[in-house]
Amino acid sequence: MIAMIAISLFDPLHDPFTQHMSELVAGSWWSAIAIRVLPTIAGASIVLFGLGCFSKSAYWSGLAAVLFGAAMVSNGVIPTGTPWHGLYGLAIFSILVPAFVAAEFPVTPTLRQVSLATAFLALIYMWALVFVGLDPPEYRGITQRVFSAIAFGWFALVSRARL
């Protein structure tokens, strides 16, 4: 998703301040392709992460990750504007993945705190900015990108920890 964030900054037909990344489908031809391919790859990797959690008997982490990964795959396959984009809000499970990993895996105290902080920030982002609508329209693209960098950065950090 970091690649998606970077691509979105350079499309002249897309405003990264006011538009979500899903809206790149109406951007340049190369952005329209990227918005289909990159979230699908990110979602598939999250599903694999979830399956790896199942193999370590971390069932709650695995279930939340598979559901979040499925939502990300659908974000790539299904264009924005339909409830199937994001599978009717299954991305909400992104909140639970870091919290469940912190609870189910023997992680270091620092990684536990980072995981819980990530879960808390995800909760704030989803609740306040997405569901309640407190996200200022002129900055909604930025807030999505910042949250995406945190959420997907967490996956990179935890994967590096080799739980």
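Tabulated data for the structure shown
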quantity	calculated
Residue-normalised accessible area of the chain, expressed per residue, 1.4 Å probe, Å²	52
About the Cα centre, charge dipole magnitude for the chain (Lys/Arg +1, Asp/Glu -1 at Cβ), debye	520
Listed values (1) 17.7; (2) 8.7; (3) 12.0, entry calculated as mean projected area of the Cα convex hull in nm²	(2)
Carbon + sulfur, % of accessible area of the chain - ligands and nucleic acids excluded, 1.4 Å	73
Kirkwood Rh and Cα Rg combined as Rg/Rh, region 113-163	1.06
Computed accessible area, Phe105, all protein chains, 1.4 angstrom probe, square angstrom	20
10 Å binning of all Cα-Cα separations within region 1-59, expressed as whole percents from 0 upward	24, 40, 19, 14, 3
Where labels lie 7 Å past Cα in the beta-carbon direction, separation of Ala156 and Val37 in nm	1.9
Kyte-Doolittle mean at least -1.0 and Cα axial length at least 15 Å: DSSP H helices in the chain	29-55, 59-77, 109-124, 140-161
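The values are calculated or read from the model by the stated rules, or taken from the named source; none is laboratory data. Given the structure is predicted, the values throughout are model-derived calculations rather than measurements. Reconstructed Cβ throughout: ideal geometry from the backbone, glycine too, with neighbour counts over all protein chains shown. The area values use the complete protein model at the heavy-atom level, side chains included, leaving out ligands, DNA and RNA. Shrake-Rupley method; radii C 1.70, N 1.55, O 1.52, S 1.80 Å.
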